[in-house]
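Engineer: Pasting in a structure now, in structure tokens, and then I'll have a few things to ask.
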Amino acid sequence: MNPESSIERVVMRRVHRIHRLRPFISNGALAALVALLALYGIGREVWVARVFQNMPHNDPVAISRFYLAAFDHTRLVVQALAVTAFGAVIYLAHESAKVISNTLIASRA
């Protein structure tokens, strides 16, 4: 057998490094990071406790009107962060559902 060449060692070291980092660089992890950063940005721009304090509590229609009015009356930065957070959470839910369904299908096979 041929001894391992230096090029092969370097390439295999990089392959192993990428393989170890793959779970942290996945699309789901990126979506979670984007959602957390967007929520952090919203928390820095908006006094969230006051929003919940001013929200109506018993009428679902009034709650939805309140959130639409609150969204409409915020700055563009907060609106962009809210849309980004919502999109990232939806994508993360989609990816999670896909992983769960693949796991269930694989366990039945």
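The values are calculated or read from the model by the stated rules, or taken from the named source; none is laboratory data. Nothing here was measured: the structure is a model prediction, and the numbers come from that model. Cβ: placed from backbone, ideal geometry, glycine included. Neighbour counts: every protein chain shown.
Engineer: Cβ contacts < 7 Å: first residue under 15 Å from VAL48 (Cα atoms), restricted to the stretch 58-70; second residue in a helix (DSSP H, G or I) and aliphatic (A, V, I, L, M), any location; separation 6+ or different chain. Result?
Structural biologist: Taking only residues 6 or more apart or on different chains, the pairs are ALA70/VAL51.
Engineer: Test LEU68 against the stated conditions and say whether it is over 10 Å from the mean Cα position of the chain (by Cα), loosely packed, with under 11 Cβ neighbours inside 10 Å, part of a helix (DSSP H, G or I) and of a type in the set (A, V, I, L, M).
Structural biologist: In short, yes.
Engineer: Can you go through VAL34, VAL83, VAL77 and tell me which one is at pLDDT 90 or above, of a type in the set (A, V, I, L, M), part of a helix (DSSP H, G or I) and touching an Asp or Glu at 6+ places or on another chain (Cβ under 8 Å)?
Structural biologist: One residue alone meets the criteria, VAL77.
Engineer: So how many residues does the stretch 71-96 have that are within 17 Å of LEU30 (Cα to Cα), without any contact (Cβ under 8 Å) to a residue 40 or more places away in the chain, of a type outside the set (A, V, I, L, M, F, W, C) and loosely packed, with under 14 Cβ neighbours inside 10 Å?
Structural biologist: 1
Every residue, every condition in (1) among the charged types (D, E, K, R); (2) loosely packed, with under 12 Cβ neighbours inside 10 Å; (3) modelled with pLDDT of 95 or more, yes or no:
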| site | (1), (2), (3) |
| --- | --- |
| SER26 | no, no, no |
| GLU45 | yes, no, no |
| PHE52 | no, yes, no |
| ASN58 | no, yes, no |
| LYS98 | yes, yes, no |
| ASN102 | no, yes, no |
